[in-house]
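S.K.: The structure under discussion is supplied below as C-alpha cells; questions concerning it will follow.
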Amino acid sequence: MSHVIRFLISMAALVAFATVESEGQPMSDEFLIAIHGGGGVRSRAAMTPELEAGYRAALRAALEAGHDVLSGGGNSISAVEAAIRVMEDSPLFNAGKGSSYNAEGVHELDASIMEGATLDAGAVAVVQRVKNPITLARRVMENSPHVMLAGDGALEFGKEQGVDIVAPHYFFTQRKWDSLQRRLDQQTEFGKPTSRDSDDQLDPGLYGTVGAVALDKNGNLAAGTSTGGREGKHPGRVGDSPIIGAGTYAKNATLAVSSTGLGEYVIRIGGTKTMSDLMEYRGVSLDEATNAVKDMIEEMGGSIGVVAIDRQGNLSMPYSFNGMYRGYVRQGGDYVVLIYDE
Ligand code: ASP
C-alpha cells in the first residue's frame, strides 16, 4: 500500500473517530436516581438511633418514589419531582413541611427543576403556603411561558394550577421554631451555626435542603432542588436553590446536578452551570467538574455538597461538610443510603 493511501485511510479513521467522539460517549441504557437531604449532619455522637433510622427511612422512601417512576417507564423529570415531594412532606428536611423560618418567623420556600433534553426549566422563589414547591416549579416550566415566578404571583399561579395550598401553620415544627429562637437570642450572623447544644447537635435550622437527579431509560437527565432557605434569612432573600445554573442544572450533554450549601457563595460562581461548562468546554469528567467547583467554593470560604450524574450513569456526590444525607439506586441495584463518610 502506498504511503499516500495509508495516509488517506488513517485520516478517514481519524475523522470517523472524531465524529463518534463529538456525539459523546454511548449513554447508559439503565436508569439511575440520586438524592440529597442537605449537607451538614448531626455528629455521630449526637445522632440518636431513632433519628438516624428516621433519616434513613425518609431517604429510602424518596428513592423508592423516584425508582417507581423510572421502573414504570416514567421520565426523569417525574422521578425527580416524586422523590423531592417525599422529602418535602417529611418534617426532617429543610424543604416543604420541615422548612426553616426566616428572620420574621415566616416560611418562604424556593424550588427549581430542569430537563436535560430540552433545557426547559421552572422555578419558584419566596413562595408561601405551597405544600410542594417542586410541583409548582414544574408547573411553571410546563404551563407558563416563564422560568421563574416569585412571591404572591407564584402563589396565585399555584392556585390557578390547583396545586396543594396549605395554611401557614402546616409548616410549623417545634425543632425549627426553637432553632430560630436560639438564633435570634444569640444574634447569630446569617449563614452561621448558632452555638450548639451541649449534646453537640448540629443547628437543625441551618441544613437540610433537598435535591434529586435522575437518568431515565431514554437517556434523559433531570434535576431539581427544594428548600426553606437558610434560617434567619431576611424576608425576600433568594438563595441558590431556585436559580437555574446555581442550585440546579441539567443538560443531557453534560450532567444533572443539585447542590446544597450557603447560596450566597454558589450563586456568585453559577456553581452548577460552571460544572456543566467545565465538562462541555474543558472535557473534564463528572467527578473532576463537581470537585473543581467544590474547591472554588471552599476557597471563597463557603461549603457545598452536590449530587450529580451524567448520561453514562456516572455518579458524583462530593461535599465539604461532616456528612450529607444522600442516597441513590440504579436499575436492578440495591438502595444505597448514606449520611457520613461511610
Ligand atoms: N442552598 C440553600 C440556600 O442557600 C441552603 C442549603 O442548601 O443548606 O438557601
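The values are calculated or read from the model by the stated rules, or taken from the named source; none is laboratory data. Bear in mind the structure is a predicted one, so any value in this text is a computation, not a measurement. All Cβ positions, even for glycine, are placed from backbone atoms using ideal geometry, and neighbour counts span all protein chains on display.
S.K.: Report those strands (runs of 3 or more DSSP E) wholly inside region 173-290 carrying at least 3 residues which are within 13 Å of the ligand (Cβ to nearest atom) and within 30 Å of SER76 (Cβ to Cβ). Reasoning before the result, please.
M.R.: Working: elements: 210-215, 221-227, 248-250, 256-261.
Because the criterion is at least 3 residues that are within 13 Å of the ligand (Cβ to nearest atom) and within 30 Å of SER76 (Cβ to Cβ), the strands (runs of 3 or more DSSP E) in region 173-290 that meet it are 221-227, 256-261.
S.K.: Residue by residue through region 321-330, note down the ones that are surrounded by fewer than 21 Cβ atoms within 10 Å (Cβ to Cβ) and either at pLDDT below 95 or under 18 Å from LEU92 (Cβ atoms) (or both).
M.R.: At the first step, the residues of region 321-330 found to be surrounded by fewer than 21 Cβ atoms within 10 Å (Cβ to Cβ) are 321-322, 330.
Hits for region 321-330 are PHE321, ASN322.
Let's see how each residue does on (1) out of contact with any Pro (no Cβ under 7 Å at 6 or more places or on another chain); (2) modelled with pLDDT of 95 or more; (3) not in a loop (DSSP other than H, G, I, E, B):
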{"site": "MET114", "(1), (2), (3)": "yes, yes, yes"}
{"site": "THR118", "(1), (2), (3)": "yes, yes, no"}
{"site": "ALA125", "(1), (2), (3)": "no, yes, yes"}
{"site": "ILE134", "(1), (2), (3)": "yes, yes, yes"}
{"site": "ARG139", "(1), (2), (3)": "yes, yes, yes"}
{"site": "GLU142", "(1), (2), (3)": "yes, yes, yes"}
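S.K.: Are there any pairs, at least 6 apart or on different chains, whose C-beta atoms fall under 7 Å, with the first in region 223-243 and farther than 17 Å from SER90 by Cα and the second hydrophobic (A, V, I, L, M, F, W, C) and near the ligand (Cβ under 6 Å from one of its atoms), and if so, which?
M.R.: Final answer for the pair search is ARG230/LEU262.
S.K.: Applying the selection to region 252-265, what residues are in contact (Cβ under 8 Å) with a residue 40 or more places away in the chain and buried (at least 24 other Cβ atoms within 10 Å of the Cβ)? Working first, answer last.
M.R.: As a first pass, look at region 252-265 and keep what is in contact (Cβ under 8 Å) with a residue 40 or more places away in the chain: 252-262, 264.
If the condition is that a residue be in contact (Cβ under 8 Å) with a residue 40 or more places away in the chain and buried (at least 24 other Cβ atoms within 10 Å of the Cβ), then THR254, LEU255, ALA256, VAL257, SER258, SER259, THR260, GLY261 are the ones that fit.
S.K.: Yes or no: region 332-340 includes at least one residue that is under 25 Å from ASN94 (Cβ atoms) and buried (at least 23 other Cβ atoms within 10 Å of the Cβ). So that I can check it myself, show each step before the final result.
M.R.: Residues of region 332-340 that are under 25 Å from ASN94 (Cβ atoms), as a first pass: 335-340.
Subset that is buried (at least 23 other Cβ atoms within 10 Å of the Cβ): none.
No, region 332-340 has no match at all.
S.K.: Does region 225-273 hold any residues that are over 26 Å from GLN128 (Cβ atoms) and of a type in the set (A, V, I, L, M, F, W, C), and which are they?
M.R.: Within region 225-273, ALA250, ALA253, LEU255, ALA256, VAL257, ILE269 meet the criteria.
S.K.: All but one of (1) modelled with pLDDT of 90 or more; (2) touching a Lys or Arg at 6+ places or on another chain (Cβ under 6 Å) hold for GLY224; state the number of the condition that does not hold.
M.R.: Unmet for GLY224, out of (1) modelled with pLDDT of 90 or more; (2) touching a Lys or Arg at 6+ places or on another chain (Cβ under 6 Å): (2).
S.K.: What residue, of GLU264, GLU288, GLU299, GLU280, is over 14 Å from the mean Cα position of the chain (by Cα), under 19 Å from ASN94 (Cα atoms) and not hydroxyl-bearing (Ser, Thr, Tyr)?
M.R.: Details: GLU288 fails: under 19 Å from ASN94 (Cα atoms); GLU299 fails: under 19 Å from ASN94 (Cα atoms); GLU280 fails: under 19 Å from ASN94 (Cα atoms).
Step by step, each of GLU264, GLU288, GLU299, GLU280 is checked, and only GLU264 is over 14 Å from the mean Cα position of the chain (by Cα), under 19 Å from ASN94 (Cα atoms) and not hydroxyl-bearing (Ser, Thr, Tyr).
S.K.: Out of all the residues in region 99-154, which are of a type in the set (A, V, I, L, M) and within 18 Å of ALA256 (Cα to Cα)? So that I can check it myself, show each step before the final result.
M.R.: First, pick out the residues of region 99-154 that are of a type in the set (A, V, I, L, M): 103, 106, 109, 111, 113-114, 117, 119, 121, 123-127, 130, 134, 136-137, 140-141, 147-150, 154.
Selection gives ALA111, ILE113, MET114, ALA117, LEU119, ALA121, ALA123, ILE134, ALA137, MET141, VAL147.
S.K.: Still on this structure, please answer the following. Can you tell me which of (1) touching a Leu at 6+ places or on another chain (Cβ under 9 Å); (2) touching a residue at least 24 places away in the same chain (Cβ under 8 Å); (3) not aliphatic (A, V, I, L, M) is the one SER78 doesn't meet?
M.R.: (2)
S.K.: Is one or more of the residues making up region 293-303 out of contact with any helix residue (DSSP H, G or I) (no Cβ under 8 Å at 6 or more places or on another chain), part of a helix (DSSP H, G or I) and touching a residue at least 24 places away in the same chain (Cβ under 8 Å)?
M.R.: Residues of region 293-303 that are out of contact with any helix residue (DSSP H, G or I) (no Cβ under 8 Å at 6 or more places or on another chain), as a first pass: 294-295, 298-299.
Going one step further and asking which of them are part of a helix (DSSP H, G or I), we end up with 294-295, 298-299.
So of that shortlist, the ones also touching a residue at least 24 places away in the same chain (Cβ under 8 Å) come out as 294.
Yes, region 293-303 contains a residue that is out of contact with any helix residue (DSSP H, G or I) (no Cβ under 8 Å at 6 or more places or on another chain), part of a helix (DSSP H, G or I) and touching a residue at least 24 places away in the same chain (Cβ under 8 Å).
S.K.: Are any residues in region 154-182 among the small types (Gly, Ala, Ser) and surrounded by 13 or more Cβ atoms within 10 Å (Cβ to Cβ), and if so, which ones? Walk me through how you get there before you give the answer.
M.R.: Step one: of region 154-182, the residues among the small types (Gly, Ala, Ser) are 154, 158, 162, 167, 179.
Matches in region 154-182: ALA154, GLY158, SER179.
S.K.: Considering only region 141-156, I want to know if a residue exists there that is β-branched (Val, Ile, Thr) and within 16 Å of the ligand (Cβ to nearest atom). Even if it seems obvious, please write down each step before you answer.
M.R.: The initial filter retains those residues of region 141-156 that are β-branched (Val, Ile, Thr), namely 147.
Then keep just the ones that are within 16 Å of the ligand (Cβ to nearest atom); that gives none.
The answer is no; no qualifying residue exists.
S.K.: Sticking with this structure for a sec: Among the residues of region 99-140, what is the count of those that are among the small types (Gly, Ala, Ser), within 16 Å of the ligand (Cβ to nearest atom) and crowded, with 24+ Cβ neighbours inside 10 Å? Spell out the reasoning first.
M.R.: Kept after step one, since they are among the small types (Gly, Ala, Ser), are these residues of region 99-140: 99-100, 103, 105, 111-112, 116-117, 121-123, 125, 137.
Subset that is within 16 Å of the ligand (Cβ to nearest atom): 99-100, 103, 111-112, 123, 125, 137.
Those still in the list that are crowded, with 24+ Cβ neighbours inside 10 Å too: 99-100, 111-112, 123, 125, 137.
Looking only at that region, the number is 7.
S.K.: Has region 301-319 got any residue that is touching a Phe, Trp or Tyr at 6+ places or on another chain (Cβ under 9 Å) and surrounded by fewer than 16 Cβ atoms within 10 Å (Cβ to Cβ)?
M.R.: Looking for residues that are touching a Phe, Trp or Tyr at 6+ places or on another chain (Cβ under 9 Å) and surrounded by fewer than 16 Cβ atoms within 10 Å (Cβ to Cβ), one finds at least one in region 301-319, hence yes.
S.K.: For region 308-318, indicate whether the set of residues that are over 20 Å from PRO193 (Cα atoms), part of a helix (DSSP H, G or I) and not β-branched (Val, Ile, Thr) is non-empty.
M.R.: Quick first cut of region 308-318, residues over 20 Å from PRO193 (Cα atoms) only: 308-318.
Narrowing the set further to residues that are part of a helix (DSSP H, G or I) leaves none.
No, the conditions are met nowhere in region 308-318.
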